[in-house]
Amino acid sequence: MKSLLALIALLSNFIITAQTIDLGGHSTRAVVIGISDYQDPAIPDLRFADRDAEAFVAYLQSAAGGKVSSENIHLLTNSQASNAQIVSSVTWLMEKCQAGDLAIIYFSGHGDVEAKLRSQPGFLLTWDTPAQAYMAGAFSLYFLQEVITTLSVENQAKVVVITDACRSGKLAGSGIGGAGLTSLNLSKQFANEVKILSCQSTEFSEEGAQWGGGRGVFSYFLVEGLFGLADSNNDQQVNLLEIGRYLEDKVSAEAAPNPQFPITVGDKTQKLTTVVPAALAQYLKQKAAGTAVPETQLSEAGLASRAPKAGSERFEAFQKALKDRAFFEPPGENAEAIFLELLADPTLSSLHNDLRRDFAAALQDEAQQALNALLESDPSEVNNYFYNPEKYAQYPMYLQRSIELLEEGHFAVKSLKAKKYFFESFNRSRVVANLETDRHLRDSLVYDAMKLLRDAIVLEPDAAYLHNALGAIYTMSDPPNTDSLLMHCQKAIELSPTWLLPYLNIAWEYHWTQGDIEKEAEWLNRAAEVTSDSFVVIERLCWLREFQNRPEDAMALADRLINAKPALFNGYANKGGVNFLLKNYPEAEKWMLRSQAFYNSPYQFSNDYLGYIYLATRRKDKGIQHYERLIADDRSAVYLKANFYNWLGDGLVNFTTDWEKAEKCYEESEKLQPNTAKRTRNAIRVAKTRVMQGRWQDAKMLLEKAL
């Protein structure tokens, strides 16, 4: 099933004619996008959206389409059609188009909304859009409106907007008709434009091999109609009325029994093209031979081909630095240094904006990949989130430089600032986890992290990823603020109901802060209803079953984890954890060590258990050495060191009579993380050592203090 959603938005008073588009000597420029292969596997791929885009470019380059030059066409297919590259290309369109020029935007791919909210008009899903939390990386219809308004009102250009986004497949908004809602919003006029839509908002657009060897039915008949087959009165012109009737007749018949009825909006007498008999004859010949359109003729040389010969080497070096992601390092031969060098040359002034856009897009692409990783529920990326926080440290700088390159007033700046604040907040939260005894600094960083996210939400109030992040920060306040966490995570769920992270954050809060296993189970079950086969949800349920003392259920879930992702450590460590619960320490040790063969780091949670297992099996020295080695490891964050002290203390209490060393461990743990929750838990631990020693009165005093 293929869906081409909204097709042509034609502004008033433009005419597509024979050898060239009749614009009185003005230029035609086009941004043509087709995405069949999406990066996120949770977004269903399409079959021929990229071929539809290529076919439309071939039409533009033909005599019938006006022989538009390759330098005036930006074709972005599949991985080239990232959110940043699309922003860059439509920015190019806004910069280049002048009064009387024709600007064409063609999009073939998925369109969707996440929730039925007035504030969510819909999104065009770019190649790197995350499957949920669209505000974090899809091309909003707000952006499209800004682009159309700038082109038509400020630049006074004539505009063709071709959006092909009403497609079938399970998306975040499938349960609420998200593709149709996006289509419906696309049909609304932004300025003075005329539009042709691939189907009604309650329908999907078809694709199949029977049309042109693999095309979308709407795109196929649109192109042949524009070549001249839609000229019903043989006046050598195709107007909006004729293309509308042609599409409705052909598409509805070919798509049957599935309903698909294209619609047109605007002046029905609007001329779209003048028929070129030779071009039409050539098209019909190719159609009979099974190839409906010629090959596109687009240049691949890029900026270097447009630079003077004397400067082409530096242009190539700049492009290589972008490709290698050498943005600010190494010294001298990084993208920033070469960019400034080229920018200082006044003879290259005509290319300076191209340089800015390319640099900004590359920086945004890199930051988007990192943001997607943080939003994913893919287990590898979740492991990164918890065990490799340094990965995300440089992205605020990337986004700030991108904002400077685009300049204030650009439609994407608010979104980029929100992402920058998100990463800055995330990095502060990672610092908080590494602080030792400076309570005031910790509180200050938590406050800063919260303020950054609040500032980001002012810029993008409907961004689920920002509300979720703010909710998570409240777990770091002292004491943790559960009510605020619930408020913001539930807001994130309202904005993006199929995104797992807010559900998991709420479940985590109920477990670790409230100790409410029933509430934790309720939210984990809600997450499982959203995505029953999520690796992360299965892992959290495995932990829950351990805490519920349901080892058989936990063991079955651990085996599911191993079978699902045999190359990840998580399943093996969880299986070790279940055996640990059963006090089958030799078996637990075997699985924990096996997990470390896949990933050996202080962050790997099998380390918590291993030292305790050594103590439980009368290997006291090995257990102590295990934790002392981890505490001394420079890679260990402060919260990890505090955790290791607690595990060592618990092992000493339960399996030795070394009460004094155990109490010193608890004392060191509290020094590292001096907060209310830590003091309470450690008072209980120390009270246990006093009970073990028969010091009942001391234990009672400590427990009363904890209460």
inquiry  = Of 86, 132, 97, which is farthest towards the positive pole of the stretch 68-145's charge dipole, taken about the Cα centre with +1 and -1 on the beta-carbons of Lys, Arg and Asp, Glu respectively?
reply    = 132
inquiry  = Using a 7 Å offset from Cα along Cα-Cβ at residue 430, what residues in the stretch 464-486 end up with backbone N under 20 Å from the label point?
reply    = 465-477
note = Per-residue accessible area, 1.4 Å probe, largest first, puts 269, 163, 617 in the order 269, 617, 163
query = With +1 on each Lys and Arg Cβ and -1 on each Asp and Glu Cβ, how big is the dipole of the chain about its Cα centre, in debye rounded to the nearest 20?
reply = 1480
note = Of the candidates 342, 673, 155, the farthest towards the positive dipole end of the chain (Lys/Arg Cβ +1, Asp/Glu Cβ -1, centred on the Cα centre) is 673
inquiry  = Among DSSP bridges having both ends in the chain, what percentage is antiparallel? Round to the nearest 5.
reply    = 50
ask   = How much accessible area per residue does the chain have, in Å², with a 1.4 Å probe?
value = 41
remark   = The helix 277-289 Cα axis meets the longest alpha-carbon principal axis of the chain at an angle in degrees, between 0 and 90 and rounded to 10, of 50
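If you average over every viewing direction, what projected area does the convex hull of the Cα atoms of the stretch 482-614 give, in nm²?
8.2
Please work out the FRET efficiency for the pair residue 278 and residue 154, using the Cβ-Cβ distance as r and a Förster radius of 25 Å; give the result to the nearest 0.05.
Details: r = 38 Å, r/R0 = 1.54.
Efficiency at R0 = 25 Å is approximately 0.05.
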remark   = With DSSP loop assignment and no more than 16 other C-beta atoms within 10 Å, the trypsin sites (Lys or Arg not before Pro) in the stretch 531-602 are 583
query = Calculated from the structure, mean projected area of the Cα convex hull in nm² equals which of (1) 31.4; (2) 34.1; (3) 48.4?
reply = (2)
Rounded to 10°, Cα long-axis angle of helix 352-375 versus longest principal axis of the chain = 40
request  = Sticking with the crude label model, points 7 Å out along Cα→Cβ, report the distance from residue 681 to residue 628 in nm, one decimal please.
outcome  = 2.4
message = I need the semi-axes of the equivalent ellipsoid of the stretch 558-668: take the C-alpha gyration tensor, multiply each eigenvalue by 5, square-root it, list largest first in whole angstrom.
response = 25, 16, 10
ask   = Which whole-Hz couplings ³J(HN,Hα) result when phi for each residue of the stretch 502-510 is put into the Karplus expression 6.51 cos²θ - 1.76 cosθ + 1.60, θ = phi - 60°, listed in order with x for Gly and Pro?
value = x, 4, 5, 5, 5, 4, 4, 4, 5
note = Rounded to the nearest 10, the angle in degrees between the Cα long axis of helix 83-96 and the longest principal axis of the Cα atoms of the chain comes to 40
ask   = Given the Cα-Cα distance of residue 397 and residue 657 and 0.36 nm per residue of separation, how much length would full extension add, in nm?
value = 88.3 nm
note = Two pseudo-spin positions, 7 Å from Cα along C-beta at residue 67 and at residue 285, lie apart in nanometres by 1.8
Proximal lysines relative to residue 417, as straight alpha-carbon distance under 17 Å, when same-chain residues fewer than 8 apart are discounted = 451
request  = Could you pull out the pairs from 67/320; 287/320; 671/705; 519/622; 491/565; 391/620 whose alpha carbons sit more than 29 Å apart here?
outcome  = 67/320; 287/320; 519/622; 491/565; 391/620
Ellipticity estimate at 222 nm from DSSP helix runs (n ≥ 4, -39,500 (n - 2.57)) divided over the chain, nearest 500 = -17000 deg cm²/dmol
task = Give me the number: length gained by fully extending residue 329 to residue 345, i.e. 0.36 nm times residue separation minus the C-alpha to C-alpha distance, one decimal in nm.
result = 3.5 nm
ask   = Which of the peptides 645-658, 42-55 is most tightly packed, and how do the rest follow, judged by the mean count of other Cβ atoms within 10 Å per residue?
value = 42-55, 645-658
message = To the nearest 20 Debye, how big is the dipole of the stretch 607-707 about its Cα centre, given +1 on the beta carbon of each Lys and Arg and -1 on that of each Asp and Glu?
response = 200
query = By how many nm would the segment from residue 516 to residue 552 lengthen if fully extended, with 0.36 nm per residue of separation less the alpha-carbon distance?
reply = 10.8 nm
remark   = Mean separation of Cα contacts under 8 Å (at least 6 apart) over the residue count of the stretch 493-556, i.e. the relative contact order in percent, is 25
ask   = Taking H as built 1.01 Å from N, whose amide H comes closer than 5 Å to the amide H of residue 207, not counting residues under 5 places away?
value = 2, 217
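The values are calculated or read from the model by the stated rules, or taken from the named source; none is laboratory data. As the structure is a computational prediction, the values presented were derived from the model and not from experiment. In this analysis, Cβ positions are derived from the backbone assuming ideal geometry, glycine residues included, and neighbour counts consider all displayed protein chains. Surface areas here come from the heavy atoms of the whole protein model, side chains and all, with no ligands, DNA or RNA. Shrake-Rupley method; radii C 1.70, N 1.55, O 1.52, S 1.80 Å.
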